[in-house]
Amino acid sequence: MNDVSIEPLRDTLDEDDAQMLKPVVCLIEDDPDLRAALAATLRAAGYAVREASDGSQLIGNWAMVQTDVGALIDADLIITDQRMPGASGLEVLSDVRRRDWATQVVIISAFVDDALKHEAYRLGAAAVLAKPFGMEELIDTVENAVPL
Amino acid sequence: MSTPLALLAGDTRAALVDTRDLDVLMQRLEQLTPDGLATLEALGAPFAPTLREAAAGQLTRELRHDLRVSLAALRTMADHLAAPASSRPLSAEALRLHHSPVDLTAHLRAWVEAFRPLADARAIALELDAPAPRPCTVDLGKLETVVLNLLFNAFKYTPTRGRVIVRLDAPAGATDAVLSVRDDGPPVPEAEWHAIFDRARQLERNVFSLGFNLGVSLAYCQLHGGTLELRRPRDGGCAFAARWSMNAPRGISPGAPAAVDDTFARAVAEVAARELEAEATLGVCATDGSRPTVLIIESARALHRALVDCLRDGFNTLSAFDGREGLDLALRKRPDLIVADTGAPGLEGEAFVRAVRAAPQLENASLLVLAAYDDVAAVRTLEAGANDLLRKPFLLQEARARITGLVAAKRARDILNDTLGRRDADLIRLANDARTQQKALQSTLEELNAAREVAERASLVKSNFLRMISHELATPVAALQLHVQALAKDPSLALGGPTTEGLRRTGRVSRRLHHLVDTMVAWARVESGRLKRTVSNFDVATLVQEVVEEVRSYATEKDLALNLQLERWLPPLPSDKKLVHLVLIDLIGFVVQNAPSGRVDVSVVPLRSGLQVRVRDTARRISAGDRADLFSPLESIADLRWRSGHGSGLGLYVVRDLARAVAGELELDAGFQGPGNLFVLTLPALPHPEVHHERRVH
């Protein structure tokens, strides 16, 4: 008699599908070493990361910027450093809000005080993260903003 | 009183109708000193014959006349001899009478003619109305003085195209002659009528050292048994009338007749002409800013000129002749002091003072009011705001002294107002406030000193903290670096892909940390004055090459071209190698970090002594305003947090301070044409061997 095998239900997503389902993080950080470290940490945690080094290039140009993993504009979360040579993190956040997007924004900064937090939350930031921070703190913040 | 003359005089009482002169004479005799009495005896001796005859009894009309004249003369002499020096009595010599036979008309004609040139020059009609030759016996000198005095005054006050009329009335048979001089000038104000005869009144003119003074002229007429009076003609102008006895009392032997001589008269006319000329040019003197300015408002020109003259030495003067003109001038020129005669027309007395005090530009000016001594209303000028009141007649010295005092007070107010930043006329209040302010400044100074001590201490605490923390950081950084380097060398680690990349980055980051800590330590030492330089000869070219290579990975990441250009031969540089390395790393690292794209060119060129390292980018040009901020240690934390920076990274002031610690300099070349920016680091050759402690850099 012939055995008919029924394929078992897949209980894991395959590589590509899994990739497509992960939230996309847009990372804006001018310091190359920190940017590399942040990206590596996030990727290891399962996020797709699109990197940028200059916020001022993005403001007004969101639609134009392509990374090798897709258009920047489609990110679900933006992580931006506050103090950078081009636009500041708050300026990026302002621009995002002006366009009425629902993208969450996390601001990282070396100088976090009440005034910065007040302004960031007023503009609708999801979180303000103080440098230096560790891996766990970073992932927790991101997961709260955009759960897997 | 038992002098012969006195007794004789007393004896004439019965013969007299009017005993006034005798009574006053007897009074004066009581007041005279023995010397005075003796002088009176001598001077009065010529009158003794008349007195004797009169006392004897039989009085004719002529004798009565002679007696009257004698007693008048004696009384005048006694008045002067008994008078206090302050009233400037005539001297004995001036009182002595020298009678001689005189043809009055001839002399009078000569004296009047001496004024003809002046009359012609001013188009004044000068008329003499005198009878045919009229002989008399008088003291010619004294009469000449009287006549010239009257003519002088007439010409001083008569305006151009006016008239001066001289008239001699000496009818045959009359005992007295009357000379009147009448002019078209302004009348003497009633309040001053008898004041003008005050001998002490300082309006003398010295001609051949003879003072002209109406008081003196009056005395001379009195010595001739006559008088000098002021008349106010009905149709305007001013007139003086002098009366005197045509003949000397009996018993007086006259001297020789004198020839007609107009020398003195001409001299007097010339003085009058000169004074008139000077008065015509009364106006604003060239002002010398260092001298105080006094505005004189006085319509009587002679007094006006006298005031100007007495102030000439030490003050600038401005002149006005009526109140309105004066007020306008004051508003324009802002004098220190205004001298105003209440009688000046246009704006009178109290009204003038009120107008001055109401003007804000004049609120600090001092105001001296001149008024006739019987002008009771003048006191109101003080209440209205005048600073002082001087009664006429006055002595010019007194006027000058008061003016000097008032100007000094005004200047003191000016200085205090300036210091206190106020506009106040009350000197006492200003002085008190100045004292209060000085005390306040004193206590502020003490507070500032205390604050400075606190600040210095705080700075010391911060310096110490900086030193401590930078030293503490050095240890873990050193450990980190060593671990990383060990890991990189460890063959047992499966290196590949992300791990290698991670280790590379870790190494780079820890090296950056190392440089930052080094910079912190060095700067802390410079800032606290504890830097010790170690000078050695080293090859800058090699050092720069090392730095460029270390920074290259950052440049490559950003697609930034990083080029190094070295002169073929560069001398070794005697300097502190560690510090120079730090400066190079910080500078080139800063430029690379902030250049978004393009290129960075590093070049090293030799100088006469030392080297220059030039780092140039093609980034956006740093504006002049940003240039200042770039090197400012005072950029606030708020800016660090909020604004997108002119570069993150170290403030360039740190790098510059370290450059200066090796006697070098870091500048942004403002003249660089671009594109981009050019940083120039100058490193001089240091003397060596050198061991010294660096001064504080900033």
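The values are calculated or read from the model by the stated rules, or taken from the named source; none is laboratory data. Predicted model only: the values in this text are computed from it and were never measured. Cβ coordinates were reconstructed from backbone atoms using ideal geometry, including for glycine residues, and neighbour counts include every protein chain displayed.
Give just the number: which of (1) of a type outside the set (Phe, Trp, Tyr); (2) more than 14 Å from chain A (Cβ to nearest Cβ); (3) more than 16 Å from B:LEU658 (Cβ to Cβ) does B:LEU582 not satisfy?
(3)
Only one of (1) modelled with pLDDT of 90 or more; (2) within 14 Å of another protein chain (Cβ to nearest Cβ) is not met by A:GLY55, so which one is it?
In the conditions (1) modelled with pLDDT of 90 or more; (2) within 14 Å of another protein chain (Cβ to nearest Cβ), A:GLY55 misses (1) alone.
The rows are residues; the columns are (1) surrounded by 12 or more Cβ atoms within 10 Å (Cβ to Cβ); (2) farther than 28 Å from B:VAL615 by Cβ; (3) within 14 Å of another protein chain (Cβ to nearest Cβ).
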position: B:THR499; (1), (2), (3): yes, yes, yes
position: B:VAL526; (1), (2), (3): yes, no, no
position: B:VAL535; (1), (2), (3): yes, no, no
position: B:ASP539; (1), (2), (3): yes, no, no
position: B:ALA555; (1), (2), (3): yes, no, yes
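What number of residues within the range B:485-497 satisfy the criterion of being within 18 Å of A:PRO32 (Cα to Cα) and surrounded by 13 or more Cβ atoms within 10 Å (Cβ to Cβ)?
Just the residues of the range B:485-497 that are within 18 Å of A:PRO32 (Cα to Cα), to begin with: B:497.
Right, trim to surrounded by 13 or more Cβ atoms within 10 Å (Cβ to Cβ) and you get none.
Within the range B:485-497, residues that are within 18 Å of A:PRO32 (Cα to Cα) and surrounded by 13 or more Cβ atoms within 10 Å (Cβ to Cβ) number 0.
For every residue, the table says whether it meets (1) within 17 Å of A:ASN61 (Cα to Cα); (2) in contact with a Cys (Cβ under 8 Å, 6 or more places away or on another chain); (3) surrounded by 21 or more Cβ atoms within 10 Å (Cβ to Cβ); (4) within 13 Å of chain B (Cβ to nearest Cβ).
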{"residue": "A:ALA75", "(1), (2), (3), (4)": "yes, yes, yes, no"}
{"residue": "A:ILE78", "(1), (2), (3), (4)": "yes, yes, yes, no"}
{"residue": "A:ILE108", "(1), (2), (3), (4)": "no, no, yes, yes"}
{"residue": "A:PHE111", "(1), (2), (3), (4)": "no, no, no, yes"}
{"residue": "A:ALA115", "(1), (2), (3), (4)": "no, no, no, yes"}
{"residue": "A:GLU119", "(1), (2), (3), (4)": "no, no, no, yes"}
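Just checking, how many residues over the range A:80-96 are more than 7 Å from every other protein chain (Cβ to nearest Cβ), of a type in the set (S, T, N, Q) and out of contact with any strand residue (DSSP E or B) (no Cβ under 6 Å at 6 or more places or on another chain)?
Total meeting the criteria: 1.
Restricting to the range B:590-639, name every residue that is in a helix (DSSP H, G or I), surrounded by fewer than 17 Cβ atoms within 10 Å (Cβ to Cβ) and in contact (Cβ under 8 Å) with a residue 40 or more places away in the chain.
Scanning the range B:590-639 gives a single hit, B:ALA624.
Got at least one residue in the range B:422-434 being loosely packed, with under 12 Cβ neighbours inside 10 Å, in a helix (DSSP H, G or I) and over 60 Å from the mean Cα position of the chain (by Cα)?
No; the residues of the range B:422-434 include none that is loosely packed, with under 12 Cβ neighbours inside 10 Å, in a helix (DSSP H, G or I) and over 60 Å from the mean Cα position of the chain (by Cα).
Yes or no: B:ARG163 on the phi < 0 side of the Ramachandran plot, among the basic types (Lys, Arg), within 49 Å of the chain's Cα centre (by Cα) and surrounded by fewer than 19 Cβ atoms within 10 Å (Cβ to Cβ)?
Numbers: on the phi < 0 side of the Ramachandran plot: yes; among the basic types (Lys, Arg): yes; within 49 Å of the chain's Cα centre (by Cα): yes; surrounded by fewer than 19 Cβ atoms within 10 Å (Cβ to Cβ): yes.
Judged against the criteria, B:ARG163 is a match.
Are there any pairs, at least 6 apart or on different chains, whose C-beta atoms fall under 7 Å, with the first in the range B:573-587 and surrounded by fewer than 20 Cβ atoms within 10 Å (Cβ to Cβ) and the second hydroxyl-bearing (Ser, Thr, Tyr) and part of a helix (DSSP H, G or I), and if so, which?
none
Inspect the range B:94-115 for any residue being among the small types (Gly, Ala, Ser) and under 17 Å from B:GLY225 (Cα atoms) and give the result as yes or no.
Let us first name the residues in the range B:94-115 that are among the small types (Gly, Ala, Ser), namely B:94, B:100, B:106, B:110, B:114.
From what's left, under 17 Å from B:GLY225 (Cα atoms): B:94, B:100.
Yes, the range B:94-115 has at least one match.
Tell me yes or no: at least one residue of the range B:452-475 is within 14 Å of chain A (Cβ to nearest Cβ), modelled with pLDDT of 80 or more and within 30 Å of A:ARG43 (Cβ to Cβ). Give the derivation first.
Just the residues of the range B:452-475 that are within 14 Å of chain A (Cβ to nearest Cβ), to begin with: B:473.
If we keep only those that are modelled with pLDDT of 80 or more too, we end up with B:473.
Subsequent filtering for residues that are within 30 Å of A:ARG43 (Cβ to Cβ) retains none.
Within the range B:452-475 (the criterion being within 14 Å of chain A (Cβ to nearest Cβ), modelled with pLDDT of 80 or more and within 30 Å of A:ARG43 (Cβ to Cβ)), the answer is no, since none of the residues qualifies.
Would you call B:SER299 of a type in the set (Gly, Ala, Ser), part of a loop (DSSP other than H, G, I, E, B) and under 18 Å from B:ASP414 (Cα atoms)?
Values: of a type in the set (Gly, Ala, Ser): yes; part of a loop (DSSP other than H, G, I, E, B): yes; under 18 Å from B:ASP414 (Cα atoms): no.
Taking the combined requirement at face value, the residue does not satisfy it.
Is it the case that A:ASN61 is within 13 Å of the chain's Cα centre (by Cα), away from chain B (no Cβ under 14 Å), polar (S, T, N, Q) and surrounded by fewer than 19 Cβ atoms within 10 Å (Cβ to Cβ)?
On the way: within 13 Å of the chain's Cα centre (by Cα): no; away from chain B (no Cβ under 14 Å): yes; polar (S, T, N, Q): yes; surrounded by fewer than 19 Cβ atoms within 10 Å (Cβ to Cβ): yes.
When the stated conditions are applied, A:ASN61 does not pass them.
Quick one: in the range B:131-171, of everything that is small (Gly, Ala, Ser) and touching a strand residue (DSSP E or B) at 6+ places or on another chain (Cβ under 7 Å), which residue is farthest from B:GLY185 (Cα to Cα)? Lay out the reasoning, then the answer.
Initial filter on the range B:131-171 (small (Gly, Ala, Ser)): B:132, B:141, B:154, B:162, B:170.
Of the ones still in play, those that are also touching a strand residue (DSSP E or B) at 6+ places or on another chain (Cβ under 7 Å) are B:154, B:162, B:170.
Details: B:ALA154: 7, B:GLY162: 8, B:ALA170: 26 Å.
Result: B:ALA170.
Do the conditions hold for B:ALA241, that is, is it within 19 Å of B:THR76 (Cβ to Cβ), surrounded by fewer than 20 Cβ atoms within 10 Å (Cβ to Cβ) and among the aliphatic types (A, V, I, L, M)? If you could, list the steps in order and put the result at the bottom.
Working: within 19 Å of B:THR76 (Cβ to Cβ): yes; surrounded by fewer than 20 Cβ atoms within 10 Å (Cβ to Cβ): yes; among the aliphatic types (A, V, I, L, M): yes.
So B:ALA241 passes the test.
Of the residues that make up the range B:598-619, is at least one within 14 Å of another protein chain (Cβ to nearest Cβ) and on the phi > 0 side of the Ramachandran plot? Spell out how you get there, then give the answer.
Start the filter on the range B:598-619 by keeping residues that are within 14 Å of another protein chain (Cβ to nearest Cβ), which leaves B:598, B:617, B:619.
From what is left, the residues that are on the phi > 0 side of the Ramachandran plot are B:598.
Yes: the range B:598-619 contains one or more residues that are within 14 Å of another protein chain (Cβ to nearest Cβ) and on the phi > 0 side of the Ramachandran plot.
Just give me the residues in the range A:20-42 being within 12 Å of chain B (Cβ to nearest Cβ) and in contact with a Pro (Cβ under 9 Å, 6 or more places away or on another chain), in sequence order.
A:ASP30, A:ALA40
Which one of these does A:LEU34 not meet: (1) buried (at least 19 other Cβ atoms within 10 Å of the Cβ); (2) over 15 Å from A:GLN104 (Cβ atoms); (3) not polar (S, T, N, Q)?
(1)
Basic (Lys, Arg) and farther than 23 Å from B:ASN417 by Cβ - does that describe any residue in the range B:297-309?
Looking for residues that are basic (Lys, Arg) and farther than 23 Å from B:ASN417 by Cβ, one finds at least one in the range B:297-309, hence yes.
Of the residues B:PHE352, B:PHE321, which is aromatic (Phe, Trp, Tyr) and modelled with pLDDT under 90?
On the way: B:PHE352 fails: modelled with pLDDT under 90.
Going through B:PHE352, B:PHE321 in turn, the sole match is B:PHE321.
For every residue, the table says whether it meets (1) touching an Asp or Glu at 6+ places or on another chain (Cβ under 6 Å); (2) acidic (Asp, Glu); (3) farther than 16 Å from B:LEU311 by Cβ; (4) in a loop (DSSP other than H, G, I, E, B).
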{"position": "B:GLU325", "(1), (2), (3), (4)": "no, yes, yes, no"}
{"position": "B:ASP328", "(1), (2), (3), (4)": "no, yes, yes, no"}
{"position": "B:ILE338", "(1), (2), (3), (4)": "no, no, no, no"}
{"position": "B:VAL353", "(1), (2), (3), (4)": "no, no, yes, no"}
{"position": "B:LEU368", "(1), (2), (3), (4)": "yes, no, no, no"}
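Of (1) within 60 Å of the chain's Cα centre (by Cα); (2) closer than 22 Å to B:ASP139 by Cα, B:HIS65 satisfies all except one. Which?
Answer for B:HIS65: the failing condition is (1).
Looking only at the range B:511-570, filter to residues that are within 25 Å of B:SER470 (Cα to Cα), of a type in the set (Lys, Arg) and part of a helix (DSSP H, G or I); which one of those is farthest from the chain's Cα centre (by Cα)?
B:ARG511
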